[in-house]
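See below for the structure under consideration.
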Amino acid sequence: MSAPVYITSAAAWIPPAESAKEAVAEGKYVAEDFEVNNILCLPAATGDISVPDMGVLAARRALERASDVVGDGIDLLVHASLYHQGRDWGWTSGPYIQRELGLTGAFSINLDGLSNGGMAALDFAVGQLEAGRGTSAMVTTADRFLAPGINRWRGAYGIVGGDGSTAMVLSKNGGFARIHAIESLTDASLEPLWRGSEPFTTSFGEVVHDLRSPKKSYLEEVGKESVLQRCEEALVTLVRSVLGRTGHKLDDFARILMPNMGHGLMQVQFLKPLGITSERTLMDWGRYTGHLGAGDLIAGVARLAETKQLEQGDHVLLVSAGGGYSLTVAVVEIESVPDWPEVTTDFALPADVTE
């Protein structure tokens with residue numbers, strides 16, 4: 001039996017936020033969406049900072065928090081994202097982040113998993129370590145939702161995009177939390193939700209990214225109930241499989257983390273199918289961050305640890321979903337509570353938003 005894999009550190013970098021109310025007043029955000037989503041503001045990076053450099057900022061913070069265990073000895077770096085990384089093609093940001101960090105002995109690779117990218121990268125990294133291909137790994141994510149390519153306020157139904165980056169260090173040598181099980185699943189019957197009925201394009205830049213049109217056309221074709229039923233079946237199937245491996249029930253978890261989507265969508269996609277309440281999640285904090293692309297779950301782990309919302313012996317369930325329709329679920333046990341400064345609330349809030 002292979003040695004267990006631990007979460008040694010987690011971190012996020014989140015820039016100052018823009019007001020949702022102001023976005024409504026300026027016509028950027030639909031008032032009805034504002035009410036249903038219950039997202040108060042969205043972090044928005046300013047200036048010329050690149051998306052990969054955002055990833056470097058979170059990665060450095062995570063490495064500092066893990067230095068006592070791994071030093072600079074990272075064997076694998078997996079970078080995940082949802083949106084543009086600075087080049088259309090012919091280049092990947094993972095090796096850039098690796099070079100900036102000075103991780104000369106690592107293998108780095110990018111993973112395209114949309115909103116589930118961070119957790120899919122975690123699943124891949126855990127599998128590599130369990131297979132004996134290294135003793136430590138890092139997962140990074142970074143996304144910045146800039147116009148004109150995408151409208152962060154109108155990009156998708158029930159989802160608004162906040163800029164930010166995250167990083168998590170894994171090690172077989174120890175950490176503050178142990179990963180007891182992790183699994184992923186794809187229900188490809190739902191793939192048209194992200195593709196729609198338009199013909200495939202032949203090059204980059206032919207269309208502005210519109211995530212609503214594909215969903216609208218597919219929902220009109222098959223009906224909303226069909227989509228929700230298949231989403232629920234995939235979610236429940238994967239959760240049952242993971243809990244079957246560890247012997248846990250949903251009631252055993254002190255916290256259940258999910259993507260930072262609009263509250264209306266989270267209710268039908270996660271809370272209702274799992275029979276849980278929002279108090280067990282980080283939905284309240286998600287009102288200030290929106291959807292951090294591929295990094296919601298890693299940011300959530302950092303948030304729980306920094307704010308001491310965990311105790312030794314607590315179990316946390318990580319539930320992620322993204323395009324495809326792919327899901328990843330993990331069971332994590334807290335072995336100690338790290339003494340990290342609270343930086344997941346360090347970003348500046350708009351004047352009309354209070355915590």
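The values are calculated or read from the model by the stated rules, or taken from the named source; none is laboratory data. Source: prediction; values computed, not measured. When we count neighbours, we look across all protein chains shown, and the Cβ atoms used for this are built from the backbone with ideal geometry, even at glycine. The protein model used for the area step is the full one, side chains on, heavy atoms only, and it has no ligands, DNA or RNA in it. Shrake-Rupley method; radii C 1.70, N 1.55, O 1.52, S 1.80 Å.
Criterion applied to THR328, THR344 was being within 28 Å of SER226 (Cα to Cα) and polar (S, T, N, Q), and the one residue passing it is THR328. Of all the residues in region 31-42, those that are touching a helix residue (DSSP H, G or I) at 6+ places or on another chain (Cβ under 6 Å) and of a type outside the set (S, T, N, Q) number 6. State whether the residues of region 88-110 include one that is at pLDDT below 95, under 28 Å from GLN309 (Cβ atoms) and of a type in the set (A, V, I, L, M, F, W, C). Checked region 88-110: no residue is at pLDDT below 95, under 28 Å from GLN309 (Cβ atoms) and of a type in the set (A, V, I, L, M, F, W, C). Comparison of GLY295, GLY290 shows that the only residue that is closer than 11 Å to MET258 by Cα, open to solvent by less than 10 Å² (accessible area, probe 1.4 Å), within 15 Å of the chain's Cα centre (by Cα) and touching a residue at least 40 places away in the same chain (Cβ under 8 Å) is GLY295. Of all residues being open to solvent by 30 Å² or more (accessible area, probe 1.4 Å) and at pLDDT 95 or above in region 133-157, which is farthest from TRP13 (Cα to Cα)? Just the residue, please. In this case the residue turns out to be ARG133. Restricted to region 9-99, the set of strands (runs of 3 or more DSSP E) holding at least 1 residues that are open to solvent by 70 Å² or more (accessible area, probe 1.4 Å) and closer than 22 Å to VAL343 by Cβ comprises 17-19.
Scan region 326-345 for residues that are buried (at least 23 other Cβ atoms within 10 Å of the Cβ) and not in a strand (DSSP E or B) and the total you get is 1.
For region 49-91, the set of residues classified as without any contact (Cβ under 8 Å) to a residue 24 or more places away in the chain and closer than 14 Å to ILE109 by Cα consists of GLY90, TRP91, listed by residue number. Of the residues making up region 315-355, those that are under 15 Å from the mean Cα position of the chain (by Cα) and under 22 Å from MET138 (Cα atoms) number 12. Exactly one residue out of ARG303, ARG280 is open to solvent by 40 Å² or more (accessible area, probe 1.4 Å) and in contact with a strand residue (DSSP E or B) (Cβ under 8 Å, 6 or more places away or on another chain), and it is ARG280. Within region 304-314, the set of residues being under 19 Å from the mean Cα position of the chain (by Cα) and either of a type in the set (D, E, K, R) or farther than 27 Å from LEU40 by Cβ (or both) comprises just one member, GLU306. Scanning region 306-323 for residues that are in contact with a strand residue (DSSP E or B) (Cβ under 9 Å, 6 or more places away or on another chain), open to solvent by 20 Å² or more (accessible area, probe 1.4 Å) and in a loop (DSSP other than H, G, I, E, B) yields a count of 5. Among the residues of region 214-266, just one is outside any helix (DSSP H, G or I), out of contact with any strand residue (DSSP E or B) (no Cβ under 9 Å at 6 or more places or on another chain) and of a type outside the set (Gly, Ala, Ser), namely LYS249.
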